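Worksheet: the structure to be examined is printed underneath.
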Amino acid sequence: MNPNPYQDSPLPVRDDLAAAHRRVWDHLAAPGTWWNGGERVALAAETRNAPACRLCRERNEALSPAAVTGIHDSLGDLPDNVVEVIHRVRTDPARLTRSWFESIMRSGLTPEQYVEIVSVVVHVVSVDTFARGIGVAPLPLPGPASGEPTRRRPGGAKPGPAWVSWIEAADLTDTEAEAEADIYPKGQAPANVRKAMSLIPAEVRSFFAMCDAQYLGALQIRDFSREFRAISHAQIELLAARVSALNQCFY
């Protein structure tokens, strides 16, 4: 990808933010932990396709998504259970339930595959939302890189309060303490939102590197002695709270 994907933007875009989004696209194209590069790009393409799905629109209008049955309008490149995850996470995340998640596990997906799908979806939605916000077309999806997934499950991952296993900082194995330590901020207890994807440490690393550029770094958030952006901490949090309310995010 061009070093500056927003060079034609009508608004100025910080160099570090443009670079962060370029890294996201490189990350999506590369073989992941449980999906290869071609599959990950297909996951990204289906994420973009989901808002146009008739079934998803009908479910959003229903009192309960379970009241509407049918077949998703998909691009046809992924299995039905994968499409279901992408479309529900993309279009109706506030009404996901444990019983829905368990049905997805019974369909043949593993928790590890599920977490990586969710990560691809949230990466794409974040970058696409930024493009829409500054009035430019979505970035072209990258061509997939060759290679195989690592298929490595962290040894320290174990069940907790989430639907999937995750890694507590205290449960990092000796090997992971060196390899995965950077998924959590130093000197802070990791928040659940950061632990949520820790079953796939590479996705935590990528997603929060993007968040640091789009929002604030974990240490910057708590440093009220100075401002790091063109708007203040208070203005950032006001915007974040409003967006969370509109998206029915109850975290």
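When the stretch 57-114 is filtered for residues that are among the aliphatic types (A, V, I, L, M), more than 26 Å from Ser244 (Cβ to Cβ), touching a Lys or Arg at 6+ places or on another chain (Cβ under 9 Å) and surrounded by 15 or more Cβ atoms within 10 Å (Cβ to Cβ), only Val68 remains. If I filter the stretch 145-152 for residues that are within 23 Å of Ala50 (Cα to Cα) and of a type in the set (Ser, Thr, Tyr), do I get at least one hit? The answer is no, given that none of the residues of the stretch 145-152 is within 23 Å of Ala50 (Cα to Cα) and of a type in the set (Ser, Thr, Tyr). Could you check, for the stretch 142-151, whether at least one of its residues is hydrophobic (A, V, I, L, M, F, W, C) and under 18 Å from Arg14 (Cβ atoms)? The answer is no; no qualifying residue exists.
Being in contact with a Ser or Thr (Cβ under 7 Å, 6 or more places away or on another chain), modelled with pLDDT of 95 or more and farther than 21 Å from Leu139 by Cβ is a condition met by at least one residue of the stretch 77-90. The single residue among Ala20, Ala52 that is exposed (fewer than 15 other Cβ atoms within 10 Å of the Cβ) and among the hydrophobic types (A, V, I, L, M, F, W, C) turns out to be Ala52. For the stretch 24-34, filtered to residues that are surrounded by fewer than 22 Cβ atoms within 10 Å (Cβ to Cβ) and hydrophobic (A, V, I, L, M, F, W, C), the residue that is farthest from Asp92 (Cα to Cα) is Ala30.
Going by the structure shown, is Arg59 among the charged types (D, E, K, R), over 16 Å from the mean Cα position of the chain (by Cα) and over 28 Å from Arg152 (Cβ atoms)? Criteria met by Arg59. Residue pairs whose Cβ atoms lie under 8 Å apart, separated by 6 or more positions or on different chains, with the first residue in the stretch 162-190 and more than 22 Å from Asp212 (Cα to Cα) and in a helix (DSSP H, G or I) and the second aliphatic (A, V, I, L, M) and modelled with pLDDT of 75 or more, are Asp171/Ala157; Glu176/Ile167.
For the stretch 132-155, a tally of residues being without any contact (Cβ under 8 Å) to a residue 24 or more places away in the chain and not in a loop (DSSP other than H, G, I, E, B) returns 2. Considering only residues in the stretch 219-240 that are among the β-branched types (Val, Ile, Thr) and assigned to a helix (DSSP H, G or I), the one that is modelled with the highest pLDDT turns out to be Ile236. Report yes if Leu11 is in contact with a helix residue (DSSP H, G or I) (Cβ under 8 Å, 6 or more places away or on another chain), of a type outside the set (Ser, Thr, Tyr), in contact (Cβ under 8 Å) with a residue 60 or more places away in the chain and surrounded by fewer than 20 Cβ atoms within 10 Å (Cβ to Cβ), otherwise no. So Leu11 fits the description; yes.
The values are calculated or read from the model by the stated rules, or taken from the named source; none is laboratory data. This is a predicted model, so every value here is computed, not measured. We place every Cβ from the backbone using ideal geometry, glycine too, and count neighbours over all the protein chains shown.
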